[in-house]
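Data first, discussion second: the structure below is written as C-alpha cells.
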Amino acid sequence: MVLNGRTNPARWPRTNPKAKDEELTEAMDNELKTQPHGIHDVEIQEWLESLDSVLESSGPEVAAEILERLRAHATVNGIDLPFSANTPYANTIPARLEPLFPGDQELERRIKSLIRWNALAMVVRANRVEHNIGGHISTYASAATLYEVGFNHFFRARSEEFEGDTVYFQGHASPGIYARAYLEGRISAQKLENFRRELKPGGGLSSYPHPWLMPDFWEFPTVSMGLSPLMAIYQARFNRYLEDRGMKPVTDAKVWAFLGDGETDEPESLGAITLASREKLDNLIFVVNCNLQRLDGPVRGNGQIIQELESAFRGAGWNVIKVLWGSEWDPILERDTEGLLVKRMGELVDGEYQKLVVSSGAYVREHFFGSDPRLLQLVEPMSDESLRRLRLGGHDPRKVYAAYKAAVEQKGKPTVILARTIKGYGLGEAGEGKNVTHQQKKLNEDELREFRSRFGIPLNDEDCIEVPFYRPAEDSVEIQYLRARREALGGYVPTRNIRSKPIVADHDELFKEFHEGSEGREVSTTMAFVQMLRKMLKDPEIGKLIVPIVPDEARTFGMESLFRTVGIYSSIGQKYEPVDVNTLLYYKEAKDGQILEEGITEAGSMASFIAAGSAYATHGINTIPFFIYYSMFGFQRIGDFIWAAADMRTRGFMLGGTAGRTTLSGEGLQHQDGNSHVLALPVPNVKAYDPAFAFELAVIIQDGIRRMYKDGESIFYYLTVMNEPYAMPAMPGDVKEGILKGMYRFRRAANVKSKLRAQLFGSGAILNEALRAQEILETKYGVAADVWSVTSYKELYNDGNETERWNRLHPSEKPRVPFVSQCLADAPGALVAASDYLKTLPNMISKWMPRRLASLGTDGFGRSEGRTSLRDFFEVDARFIAVATLHELFADGKLERSVLDKAIKDLGINADKPNPVIS
Ligand SMILES: Cc1ncc(C[n+]2csc(CCOP(=O)(O)OP(=O)(O)O)c2C)c(N)n1
Ligand SMILES: [Mg+2]
C-alpha cells in the first residue's frame, strides 16, 4: 500500500508552500531515501505538510475529521490498517497549548523541597530509632510534584458550601502527605517523630492511609494495591447516583485517584475502567505515577508501561494525557522538524530508560541521541550536565499543571494522566532510579548532605546528618503561601469529618410485623428480608436512604418486584422499551432509580457498598446500603475489599444470600458456602449473624440501623440469608437480647423432669434440624432436649474472650461470666451443636460451656445434591444430631451402648460412610 501524496493531491490549501526549486531538490533527495514497504520520504513529507496546513488553517477538529474519513475510506477499500490505540511517545499537550502556570513556581519548589526533606526525615529517623520499622522514601520522591500541584491548585476541601474533591492517595506516598500536613501545622513534630510508632506516648502516625487509625485525617484506605482505583471509579459513579436521585446538589467535584504504575498490574486496577467511560465519569481523574519501577525492578523492562496503559485506557474510552517530558525538552523538540526525536523516544524500552536515568550526560548523549547523527546535532550545543538535567514531565509543575487543568475541564469522559517520573527522585547515589530504591530507608552522611544541598534545605553539614524536621517560621513566605493556597481551595486535604446528622426514629412499627411469624406460610429468610427491604424503602425517614446493591442476582433472591417499584439506577434512564414491559415486574431502569444493579461484579458491588456506607462522612448523607449477593462469593472472593471497608468505617448491611453449605441445594462445590462465617471472624467491626427466623433478622436489622445510624458506631453487618422455605414462628417472648448477643433458648424440652437431658444448638436453616432432633430424641429415646438458636458464634466468641481478658487483668474484682456460660448455667445434659458452617465455630466457644461439646458442621467440599442428601452427607441433619446427643449421653455413662447402636441402625445412618471432609 502506498499513500501517494503526489498522485492524490491534497485538497486543502497550503499555507506555507515551499519555493518550487527548493521543493524539487528536496524531493530528489528524498527520492533516494526509501522506507520499508517502498514508501518514499518525500511522499510522507507531502502528506504531513498537507495535514499541517489543515491544522493551521482549519484547526484540530477538521484535521481529526479528515483523518477519520481517510481511515474509513481505507477500510472500505480493503486496506487492513493495524489497530493501535497509541499515540507517539510524547506529551499529549504540546508546549504551545500549555496554559500559563498560575502559581509562584520558585516558592512552590521551595515548599516542595521542604516536604521532600521532612518526608525523608520521617523514614530515616524512624529507622534509626527502631531498625526495620520500615517506611518508603522513593515513592513520594517520585510523586512530589504530582501531589504538590494538586495541593496548591486543584484539591478543593470539603466545606459547608461545597462537598469538596475526593482524593485517594497512593498508600506508600504517605510520608509526603504527613510532611505537608506538618508544614500546614496540622501534625505535630512529635507525631512525625512517631511515624509507624502509633503506640508511643502522644500517639504517632499510621504507616499508610488508615481511617480506622486516624479517623480525623485519612478518608480512604489505599495501600492494598488495586483496591483504590476500583473504589475511586465506583465512588465517582456513586456521586452521580446521589445527584441523579436528588440527594446532593450537582457539582463539579472531582474524584482523584493516585496510583503506581506497578499497581496497574493488579486486576482490580483496570477491572472497571469501562464502567467509568460508559458512565461518562468526567468527575474522575486517575494519575498514574509512571516511575517505570515497582518493588523488585522495572514494571516493564522489555516494554513500555506507559504505552501499554495508554492503549488500555484509550481503548476503554478514557481521555489519556501523557506527561512524559519536561519543559527542557521543548526547545529540542522544536528544533526537530523531522520528528526524529519523538520517534527515538518511542524506540526505547523501559529498562533502557531506567538506565538513562542513572547515567551521566555523556552516556545519554551517546546512547540516546547517538543513534542518529541528526539527533546528535540537535543537542550539540548542550553540555553533558544539561543533558543529565533534562527533566521528565512528572517532575515539571508546568506540565503537570497543564495536564490537571485539561483533566478537570474534560467533558464526557474520565481522564487518566500518565506521568513519567523517576523513582527515588533526588536520592542520587542513595537510590534514584535504582532497582533497590523502593526499600531504601537509610542514607549515609554524604547522601544526606547531597540531598540537603540539592533541595536547598537550610541546614548546615553537621545538623543535616541528624536529619531534623524542618519547618520555617509561621510568618515565612513559604508557610504563608502554603496556607493561602489551601485557604483559597477551602481548607485542608485530607480531612475526614462526619457531617451527617443521626437518624431519629426507632422504627418499631416497621419491624413489628416480622415478630409475629408467617402463620404457617412457608417462606425463606431471604423472602422475609426482601419483604423487610420493601417496607424499609417505603419508610418516610430511611426509605430514601436505602441503597439496594445487587451483582446480577436480584431474581435469585426474589427481588425483581423492586425493579418496578423503586427502579434500577441508570444515569441515562431507559432508552429502550423493555422486553417484559407488559408484565407486572418489568425491568425498569430510571435516572432516579434506587437499586444499584452492578452486573456480575462482586468487587464493583462492594466498592458501591463502600461508597454508600461511607457517605455519612464523605457527603454527610446517611445512605444505608444493603448489598445482597451469593454468600460464597463474598468474604472468600472480595475479602480484601471487606477489610478495606472495615478500615474505612463503612456502615451498612452485607447479605450473603443462598447461604449454607447444605441449604443451597444443587449448585455444588463452588457455590455452597460453609465458609463465610469463619472468614467473617477476623474482620473486627463486622457483626456476623446466621439467623434462622424472620423475627431474628428483623431484630438484628432494626438494632443495626440504630447502632450505625443513630449511635454512629463504626460497625457493619454480615447476615446470611437462605432460600429454604419453612414456616416462620413468632418470637417466643422477649428474646431480643439473646438474638443480638448470639444465642437464646428457642424451645424448651417438654418433659424437663426426664433423667436424660440435652441442649441442642442450631443456627440458620439447621436450627430446624435441631428442632426435629429434639422431637426424635424425646419420642424415641426419652431424652428431653432444649433447643437454642445460636444467631452469632462470632458475638459469643468475642464476648467470651473479652470476659476472660477482663478477668485476667482485674484479678481482685468479682469475675465476670461469659454470656455463653450465663445462658447455660441451668442447662443440664449433653451439649450438641450443628450449623451449616465449619465445626470450628461451635468449638471456639465450647470452653465457656459447662461440659464437653459435640460439634457438627459442614467441613469439606459441597456436592450437587438436594438438601436431604447434603445434610446426610455432611452429617448435620436431625438424625445425626440425635445420634451425637445419644453418644454424649453414652460417653457420660447415662445411656446403654446398645441404645446407641440400635439408634444408628434405626435412624438409617451408614456408619462406614466416607468422611465428608476429605471426600
Ligand atoms: C495487593 C498488594 N500487593 C503487594 C503489596 C506490596 N507492595 C507495596 S509497594 C509495592 C510496589 C509498588 O510499585 P508501584 O505501584 O509502581 O508504586 P511506586 O512505589 O513505584 O510508585 C508492592 C509490591 C501491596 N501493598 N499490596
Ligand atoms: Mg512504580
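The values are calculated or read from the model by the stated rules, or taken from the named source; none is laboratory data. Just so it is clear, the model here is predicted, and its values are computed rather than measured. Cβ coordinates were reconstructed from backbone atoms using ideal geometry, including for glycine residues, and neighbour counts include every protein chain displayed. Surface areas here come from the heavy atoms of the whole protein model, side chains and all, with no ligands, DNA or RNA. Shrake-Rupley method; radii C 1.70, N 1.55, O 1.52, S 1.80 Å.
Quick look at the values:
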read-out: Spin-label model distance (nm) - residue 495 vs residue 460, 7 Å beyond Cα toward Cβ; value: 4.0 nm
read-out: 0 to 90° range, to nearest 10: angle between helix 793-809 axis and the chain longest Cα axis; value: 90 degrees
read-out: Nearest-0.05 FRET efficiency for residue 184 and residue 685, computed from C-beta distance (R0 51 Å); value: 0.95
read-out: Full-extension gain in nm, residue 902 to residue 579, via 0.36 nm per residue minus C-alpha separation; value: 110.3 nm
read-out: Tail weight of P(r) past 24 Å, computed on alpha-carbon pairs of region 659-784, percent; value: 39 percent
read-out: Cut-off under 5 Å, modelled amide H: who pairs with residue 217 long-range; value: 496
read-out: Net length gained if the chain between residue 911 and residue 592 were fully extended (0.36 nm per residue, minus Cα distance); value: 108.9 nm
read-out: Under-5 Å amide H pairs with residue 589, H placed in peptide plane, nonlocal only; value: 568
read-out: Viscosity 1.567 mPa s, temperature 4 °C, Stokes-Einstein D of region 190-269 from Kirkwood C-alpha radius, µm²/s; value: 88 µm²/s
read-out: Computed [θ] at 222 nm, deg cm²/dmol, the chain (DSSP H ≥ 4; -39,500 (n - 2.57); rounded to nearest 500); value: -12000 deg cm²/dmol
read-out: Hull volume in cubic angstrom per residue (convex hull over the Cα atoms of region 34-103); value: 145 Å³
read-out: Surface share of carbon and sulfur [accessible, 1.4 angstrom probe, percent] for the chain; value: 52 percent
read-out: Cα centroid separation - region 484-543 against region 450-481, whole Å; value: 51 Å
read-out: Violating pairs (Cα-Cα greater than 25 angstrom) within the set 710/741; 343/413; 254/588; value: 343/413; 254/588
read-out: From phi via Karplus (6.51, -1.76, 1.60), per-residue ³J(HN,Hα) for region 291-297 in Hz, x at Gly/Pro; value: 8, 6, 10, 10, 7, 7, x
read-out: Debye intensity ratio I(q)/I(0), log10, region 821-898, q values 0.11, 0.14 Å⁻¹ (C-alpha model); value: -0.33, -0.52
read-out: Degrees between helix 694-705 axis and first principal axis of the chain (Cα, 0 to 90, nearest 10); value: 40 degrees
read-out: Semi-axis lengths, Å, the chain, gyration tensor of Cα atoms, sqrt of 5 times eigenvalues; value: 62, 33, 26
read-out: Values of log10 I(q)/I(0), in the order q = 0.19, 0.23 Å⁻¹, for region 566-626 under a Debye, Cα-only, solvent-free model; value: -0.80, -0.99
read-out: Sites residue 442 and residue 388 - FRET efficiency at Förster radius 30 Å, r taken between beta-carbons, to 0.05; value: 0.75
read-out: Built amide H within the under 5 Å cut-off of residue 657, gap 5+; value: 629, 630, 631, 721
read-out: Shape of region 423-516, Cα gyration tensor, a/c cut at 1.5; value: prolate
read-out: Estimated FRET transfer efficiency when R0 is 30 angstrom, pair residue 429-residue 133 (beta carbons, to 0.05); value: 0.80
read-out: Euclidean distance between Cα centres, region 70-141 to region 197-240, Å; value: 22 Å
read-out: Per-q log10 I(q)/I(0), region 722-842, q = 0.09, 0.16, 0.18 Å⁻¹ (Debye; single scatterer per alpha-carbon; no solvent); value: -0.28, -0.82, -0.99
read-out: Descending principal axes extents, region 322-389, alpha-carbon based, whole Å; value: 28, 27, 23
read-out: Spin-label pair residue 516/residue 62, simplified geometry with 7 Å Cα→Cβ offset, distance in nm; value: 7.6 nm
read-out: Potential extension, residue 247-residue 851 segment - 0.36 nm per residue separation minus Cα distance; value: 211.9 nm
read-out: Calculated from backbone phi, Karplus (6.51, -1.76, 1.60) coupling profile of region 197-204 in Hz, x at Gly/Pro; value: 9, 5, 8, 6, x, x, x, x
read-out: Relative contact order for the chain, counting Cα pairs under 8 Å that sit 6 or more residues apart, in percent; value: 10 percent
read-out: Per residue, in Å², the accessible surface of the chain once ligands and nucleic acids are set aside, probe 1.4 Å; value: 42 Å²
read-out: Helix 635-647 axis, angle to the chain major axis (alpha carbon atoms, nearest 10°); value: 80 degrees
read-out: Three-way shape call for region 245-327 based on the alpha-carbon gyration tensor, with the a/c threshold at 1.5; value: prolate
read-out: Equivalent ellipsoid dimensions for region 437-491 as semi-axes, Å, which come from the Cα gyration tensor, largest first; value: 28, 15, 9
read-out: Counting DSSP beta bridges with both ends in the chain, the antiparallel % (nearest 5); value: 15 percent
read-out: Rh (Kirkwood; distinct C-alpha pairs) - region 386-472, Å; value: 15.5 Å
read-out: Whole-Hz ³J(HN,Hα) from phi, Karplus 6.51 cos²θ - 1.76 cosθ + 1.60, for region 523-531, glycine and proline x; value: 9, 9, 5, 5, 4, 4, 4, 4, 4
